[in-house]
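The values are calculated or read from the model by the stated rules, or taken from the named source; none is laboratory data. Being a predicted model, the structure only gives us computed values, none of them experimental. We place every Cβ from the backbone using ideal geometry, glycine too, and count neighbours over all the protein chains shown. Keep in mind that these areas ignore ligands, DNA and RNA; they rest on the heavy atoms of the full protein, side chains included. Shrake-Rupley method; radii C 1.70, N 1.55, O 1.52, S 1.80 Å.
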Amino acid sequence: MRNITKRDSKSSSIIPELERLRDDSRAVVVVPILKKTGKASADIVAQPATRSDESRLEEATGLALAIDLDVVHGMIVSVAQPKPGTLLSTGKIEEIGHVLSEKDAGLVIVDHPLTPVQQRNLEKEWNAKVIDRTGLILEIFGRRASTREGTLQVDLAHL
């Protein structure tokens, strides 16, 4: 792992490159496509068959643009077997991590419901903020709420 030197007025310290702050307004949009398997599972949410993968990516990107995010990359990710801790496989997590580093993005929008554990694990892996589709929609409502009651309702929905 490469180190970078961070200098401030008090002292200079060496911090790992992954620890540096990324730009939270630069976002990568990930649309996981769950492949149907032979066994039924309560953890797998069936994807609507009426929409193409590209239209889902376009919609998720449009939602991100609605709150003035700079979408620097969008990708469709095939998920054969969802992992309970991260939803995505280790290879896909590494691939998305490389994209985040290349694009200097600090936010990942996953167009799929994530459990709090999955969200936390992905944030640790990528050193970036991760929000799912529901969180993105709540953020849009929160930014557009014009009354005190509206902001309270959005805060309650977040909880």
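Only residues that are polar (S, T, N, Q), more than 21 Å from Ala128 (Cβ to Cβ) and either in contact with a Gly (Cβ under 7 Å, 6 or more places away or on another chain) or not in a helix (DSSP H, G or I) (or both) were counted across the range 46-104, and they come to 5.
Where residues in the range 92-143 are in contact (Cβ under 8 Å) with a residue 40 or more places away in the chain, in contact with a Pro (Cβ under 8 Å, 6 or more places away or on another chain) and open to solvent by less than 60 Å² (accessible area, probe 1.4 Å), which of them is farthest from Asp24 (Cα to Cα)?
His112
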